[in-house]
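Worksheet: one structure, shown below.
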Amino acid sequence: MSARVSADFVRPHAIPDEVEHVFAIGDVHGRVDELAALLTRFEQSTGATRRSALVFLGDVVDRGPSSREVVALVDQALSRWPDSVFCLGNHDDWFHRFLLADLDFEEEVDLWLMQGGEETLRSFGADPLRPREARESVLREHPVCIDLLGRAVLLATWKGFVFVHAGIDPAASLERQTRRTCLWTRAPFLGHRAPLPGLVVHGHTPQVPARPHVTENRISLDTGAFFSGTLTALEIDGARSEIRFWQSRHGGKAQRVDPVVLERGYDLPFRPDALQPGVFTLAFQSLSDKG
């Protein structure tokens, strides 16, 4: 499942249209307690017959204390629900490049360690003060890491939704997005006002307050799990055209939460359900020709 088209552009990964139910999870950053709570919520909501998929929006490692356990949970979830995808985040990319002994990354290793890589290596029982030995230890004792990171995609699509870690370039089509944009973009994407080629669900930029933020063209799910203790997920019920937002705070049971809605002069892609608090009805019609 390659994410690359060429040296310049990424290939969008298409989640099958037959999938009826998608659960997208924001930046975990080594918080296994919060991730486990949201995965329990997802399992409870899948039902016995409908086809479901998880989307991990990247940055599953670094900063938090339990990257090893998070990697194991993500790998298990991808195996159990085979339509699921893991979108690579910039921190995951750092870890991957470290494990590959990427020569272009050698000058960035110290920066990565300061930005959370140290906690990641310690979670795998490796000494961050000895990077070469740490790399060999992780590769030898935890081969799941290189396998999981190598299977990650950069961009995924489903029924008019676009899933990506950081965002997309508003001036380019989905087929002409770059790796760097998918992993790192902020301002050009976040500041863009007007519809995009799909409703973009992303992480990377922590939201303040720590609740999902919604505009006419994006749903932002990074709520700073490492420092806020809050991990956020978006549940999309395609069969009913409904969405819900869930959060686990400090590893507690997942609870519904209402998003922060940013009105910017364009129609929003959903509206509150008057009969069901915490449930929003999707306007799939308005997205049908964007994906």
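The condition of being open to solvent by less than 50 Å² (accessible area, probe 1.4 Å), modelled with pLDDT of 95 or more and touching a helix residue (DSSP H, G or I) at 6+ places or on another chain (Cβ under 7 Å) does not hold for Phe163. Screening Gly30 on (1) open to solvent by less than 10 Å² (accessible area, probe 1.4 Å); (2) small (Gly, Ala, Ser); (3) without any contact (Cβ under 8 Å) to a residue 12 or more places away in the chain shows it passes everything except condition (3).
In the set Arg41, Arg50, only one residue is part of a loop (DSSP other than H, G, I, E, B), of a type in the set (D, E, K, R) and either under 24 Å from Leu183 (Cβ atoms) or open to solvent by 40 Å² or more (accessible area, probe 1.4 Å) (or both); that residue is Arg50. One residue stands out in segment 127-141 among those that are under 27 Å from the mean Cα position of the chain (by Cα) and of a type in the set (A, V, I, L, M, F, W, C): the one that is nearest to Val109 (Cα to Cα), namely Ala134. Among the residues making up segment 197-210, those that are open to solvent by 10 Å² or more (accessible area, probe 1.4 Å) and either at pLDDT below 95 or more than 15 Å from the chain's Cα centre (by Cα) (or both) are Pro197, Val208, Pro209, Ala210.
Leu174 fulfils the conditions (1) modelled with pLDDT of 95 or more; (2) more than 23 Å from Val71 (Cα to Cα); (3) open to solvent by 20 Å² or more (accessible area, probe 1.4 Å) except for a single criterion, (3).
When Thr223 is tested against (1) closer than 22 Å to Asp59 by Cα; (2) touching a Pro at 6+ places or on another chain (Cβ under 6 Å), exactly one condition is not met: (2).
Residue-by-condition table, conditions (1) of a type in the set (Asp, Glu); (2) in contact (Cβ under 8 Å) with a residue 40 or more places away in the chain; (3) more than 22 Å from Ala233 (Cβ to Cβ):
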{"position": "Phe56", "(1), (2), (3)": "no, no, no"}
{"position": "Gly64", "(1), (2), (3)": "no, yes, no"}
{"position": "Glu69", "(1), (2), (3)": "yes, yes, no"}
{"position": "Asp75", "(1), (2), (3)": "yes, yes, no"}
{"position": "Pro82", "(1), (2), (3)": "no, no, no"}
{"position": "Phe98", "(1), (2), (3)": "no, no, yes"}
{"position": "Ala101", "(1), (2), (3)": "no, no, yes"}
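The values are calculated or read from the model by the stated rules, or taken from the named source; none is laboratory data. These figures come from a predicted structure and were not determined experimentally. No Cβ is skipped: glycine too gets one built from the backbone with ideal geometry, and neighbour counts run over all protein chains shown. Protein only, heavy atoms only, side chains kept; ligands, DNA and RNA dropped before computing areas. Shrake-Rupley method; radii C 1.70, N 1.55, O 1.52, S 1.80 Å.
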